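Let me begin by presenting the structure, written as structure tokens, before commenting on it.
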Amino acid sequence: MTNSFTRREILAAFLGLPVALAACSTGPEPRFPTGEIVGASDGIGHRIRDGLSISPAPDAWRRTGVVIVGGGIAGLSAAWQLLKSGFEDFVLLELEPAAGGTSRSGTSPIVPYPWGAHYLPAPGKENAPLVSLLDEMGIIEGRDEQDQPLVAEQFLCRDPEERVFYRGRWYEGLYLRAGAGADDLAQLEKFNAEVNRWVGWRDARGRRAFAIPIKAGSDDAEVTALDKVTMADWLSGRGLNSPRLRWLIDYGCRDDYGLTLEQTSAWAALFYFASRVPKPGAESRPLITWPEGNGRLVSHLYRQAESKARLGLAAAQIIPTQTNGQSAVDVIAVDANAREAFGFHADQVIFAAPQFLARYLIRDYRDHVPAHLAEFQYGSWMVANLSLRDRPVSRGFPLAWDNVLYESPSLGYVAATHQRGLDHGPAVFTYYYPMCDADPRVAREKLLSLDWRSCVDVTLTDLSRAHQDIRALVERLDVMRWGHAMIRPRPGFIWGGARAAAVKSFRGIHFANTDLSGVALFEEAFYHGTRAGDEILSARGLRSLPG
Ligand SMILES: Cc1cc2nc3c(=O)[nH]c(=O)nc-3n(C[C@H](O)[C@H](O)[C@H](O)COP(=O)(O)OP(=O)(O)OC[C@H]3O[C@@H](n4cnc5c(N)ncnc54)[C@H](O)[C@@H]3O)c2cc1C
């Protein structure tokens, strides 16, 4: 894209033609800060996809009980679960030079910052394993009268939490109240009433329509029917056509799923609004965050698994075997340059990488690709971290944690410095751009062909709408291009059967990744990681599975 396209064409493709024309009419090429593209490491992944054939030397094989493939939240949570039960006979392989996957973080002289996930809503007591992780981290400071965990103040997102930029100035909150008419507000009320109905809804077994983890929620036909329509159609069916209401819901879908409301399953969109509200009319659970986002959770989990982890080592082949009636799994791993290969004879594997890789890594799947794998589709995201020597000028409501641009296809930025209470001077902003193109493959190619200068230009041109001085203040701008960032919960995926098929273990391989829930969330990655850990412990007679 960068070799053959002009600056105007690139800006038009990412930000729309009017913005591109305005940016290109202002004279010479703008000033560029320092920086680079930091990842992710696609090279070795593509070689594995293309059938990399490499064999470890006979003395490069070792025995281990379990190999965990992938050191994102799911893989690290699986390791956490195994270690908690005293099971240590495992190795964790992570392709990247750092653990964390899409919850990784980076460092700067100002503050650490996220490269992906940046917050976790406070869990309710029903999610006991997650509460126990947060307890262990010293994040829970007590229980209220209903025995719900109370998060210590310093870990809750600091005020002001959100602001939105619209036509020249910033406004408080995410819903654009300024200029809203009586009908807009009535529609907002009506939507909130619909959400509240779902918050209070229970099936015959007393299960919520939308629970976290999703597995604890209802599979009643009334709920699963929501997965058959798009959120746009669901809203239209209720006469909800207020542009600012639809913008708010579209923003939620783009923020959580990298999809527009025309692309998102109504089930997934309502899950976003209803699952974190404890009872009808109550506030959504508060957000837990750190300057480095969920990188703090990664550090905690990784510290415990560190001695078991092999970073920069990718699983290239997973081969289920059978010897004398005894099943086992061989794993061949390679370093980032595919120069060195290592073999592991394991009893079992936890496959904590995304499902789209299963067809390349698992030998049986290479030959006979299971039908359910085609249903797993992933969106791409660009994330940029900007180091600023000072705060840009803001008209209207002051800098918040989350700063959203109403008229942009991006999500705006999160201020990493906000949670530290640093309200003046140098700052780090994390800019998020989900690629919502209809065809995820086209979007991925578009993103991966963008060079660093074009990424910088898109980011700064977009942010210049709200901060005209931003180019002069940015000293460094690094970029992460996530090719397979997030599973896309489009209509039919959540309850269509593919997830149920993918979660079943296969010849000693136990699957764990947030994509098995159909939505990309810490809680779901953690659930699948600990569940897969429990499956291993149960198969070894070290724990009984919950019924
Ligand atoms: C931009 C962005 C923002 C997000 N924001 C939030 C947020 O604010 N809150 C939230 O809860 N969630 C957020 N998420 C969702 C996030 O994906 C989940 O929270 C969670 O991190 C998913 O973890 P995972 O382990 O399931 O998957 P992944 O993060 O995909 O981890 C998979 C791991 O497997 C590794 N791997 C792949 N192939 C191999 C191989 N062959 N061998 C060895 N290792 C391999 C990968 O390198 C990776 O580390 C965000 C995601 C993105 C992309």
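The values are calculated or read from the model by the stated rules, or taken from the named source; none is laboratory data. What you are looking at is a predicted structure, and each value in this text was computed from that prediction instead of being measured. Cβ coordinates were reconstructed from backbone atoms using ideal geometry, including for glycine residues, and neighbour counts include every protein chain displayed. Surface areas here come from the heavy atoms of the whole protein model, side chains and all, with no ligands, DNA or RNA. Shrake-Rupley method; radii C 1.70, N 1.55, O 1.52, S 1.80 Å.
Can you pull out the strands (runs of 3 or more DSSP E) entirely within segment 335-421 that have at least 3 residues that are more than 30 Å from A438 (Cβ to Cβ)? Full working, then the answer.
Values: elements: 341-351, 378-388, 402-405, 412-415.
Correct list: 341-351.
Taking the options D330, D347, name whichever one is in contact with a Gly (Cβ under 6 Å, 6 or more places away or on another chain) and at pLDDT 95 or above. Break it down into steps so the answer makes sense when it comes.
Values: D330 fails: in contact with a Gly (Cβ under 6 Å, 6 or more places away or on another chain).
So the residue among D330, D347 that is in contact with a Gly (Cβ under 6 Å, 6 or more places away or on another chain) and at pLDDT 95 or above is D347.
Between L150, L133, which is assigned to a helix (DSSP H, G or I), modelled with pLDDT of 95 or more and either open to solvent by 40 Å² or more (accessible area, probe 1.4 Å) or over 22 Å from V414 (Cα atoms) (or both)? First the steps, then the outcome.
Details: L150 fails: assigned to a helix (DSSP H, G or I).
Exactly one residue qualifies, and that residue is L133.
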Can you name the residue in segment 27-80 that is within 15 Å of K308 (Cβ to Cβ) and more than 30 Å from the chain's Cα centre (by Cα) and is also nearest to the ligand (Cβ to nearest atom) among such residues? T64
Report the residue count in segment 477-512 for those that are of a type in the set (S, T, N, Q) and either open to solvent by less than 40 Å² (accessible area, probe 1.4 Å) or on the phi > 0 side of the Ramachandran plot (or both). 0
Options L542, L537, L477, L460: the member that is touching a helix residue (DSSP H, G or I) at 6+ places or on another chain (Cβ under 9 Å), away from the ligand (no atom under 16 Å from the Cβ) and at pLDDT below 95: L542
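Considering only segment 490-547, state which residues are of a type in the set (K, R) and farther than 21 Å from P370 by Cβ.
In the first step, residues of segment 490-547 are kept if they are of a type in the set (K, R); the result is 490, 499, 504, 507, 531, 540, 543.
The answer is R540, R543.
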Can you list residue pairs whose Cβ atoms sit under 6 Å apart, with the first residue in segment 421-435 being under 17 Å from W401 (Cβ atoms) and the second being among the polar types (S, T, N, Q)? Count only pairs 6 or more apart in sequence or on different chains. A427/T417; V428/S108; V428/S387; V428/T417; T430/N385; Y431/T459
Would a scan of segment 210-226 turn up a residue that is touching a Ser or Thr at 6+ places or on another chain (Cβ under 8 Å), in a helix (DSSP H, G or I), closer than 13 Å to A266 by Cβ and open to solvent by 10 Å² or more (accessible area, probe 1.4 Å)? yes
Of (1) more than 27 Å from W80 (Cα to Cα); (2) in contact with a Ser or Thr (Cβ under 7 Å, 6 or more places away or on another chain); (3) among the hydroxyl-bearing types (S, T, Y), Y119 fails just (1)
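More than 16 Å from the ligand (Cβ to nearest atom) and touching a His at 6+ places or on another chain (Cβ under 6 Å): does that describe A512?
Numbers: more than 16 Å from the ligand (Cβ to nearest atom): no; touching a His at 6+ places or on another chain (Cβ under 6 Å): yes.
So A512 does not fit the description; no.
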Of the listed residues (R62, R47), the one being within 16 Å of N337 (Cβ to Cβ) and either free of Cβ contacts under 8 Å to residues at least 24 places away in the same chain or open to solvent by 50 Å² or more (accessible area, probe 1.4 Å) (or both) is R47
Mind checking which pairs have a first residue in segment 174-186 that is closer than 25 Å to D255 by Cα and a second that is part of a loop (DSSP other than H, G, I, E, B), Cβ under 6 Å, 6 or more apart or different chains? D184/S242
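Assess whether F5 counts as being at pLDDT 95 or above, more than 30 Å from T530 (Cβ to Cβ) and surrounded by 15 or more Cβ atoms within 10 Å (Cβ to Cβ).
Working: at pLDDT 95 or above: no; more than 30 Å from T530 (Cβ to Cβ): yes; surrounded by 15 or more Cβ atoms within 10 Å (Cβ to Cβ): yes.
Spelling it out, it is not the case that F5 is at pLDDT 95 or above, more than 30 Å from T530 (Cβ to Cβ) and surrounded by 15 or more Cβ atoms within 10 Å (Cβ to Cβ).
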Quick one: count up the residues across segment 411-427 that are under 20 Å from the mean Cα position of the chain (by Cα) and among the acidic types (D, E). 0
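Restricting to segment 107-121, and then to whatever is away from the ligand (no atom under 11 Å from the Cβ) and open to solvent by 10 Å² or more (accessible area, probe 1.4 Å), can you tell me which residue is nearest to V519 (Cα to Cα)? Spell out how you get there, then give the answer.
Step one: of segment 107-121, the residues away from the ligand (no atom under 11 Å from the Cβ) are 107-113.
Among the residues that remain, those that are also open to solvent by 10 Å² or more (accessible area, probe 1.4 Å) are: 107-110, 112-113.
Details: T107: 28, S108: 30, P109: 34, I110: 32, P112: 26, Y113: 23 Å.
Applying the filter and picking the extreme gives Y113.
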Residue satisfying condition, being in contact with a strand residue (DSSP E or B) (Cβ under 8 Å, 6 or more places away or on another chain), within 11 Å of the ligand (Cβ to nearest atom) and open to solvent by 10 Å² or more (accessible area, probe 1.4 Å), within set E141, E94: E94
Matching residues, segment 23-45, being over 16 Å from V456 (Cβ atoms), outside any loop (DSSP other than H, G, I, E, B) and out of contact with any Leu (no Cβ under 9 Å at 6 or more places or on another chain): G39, G43
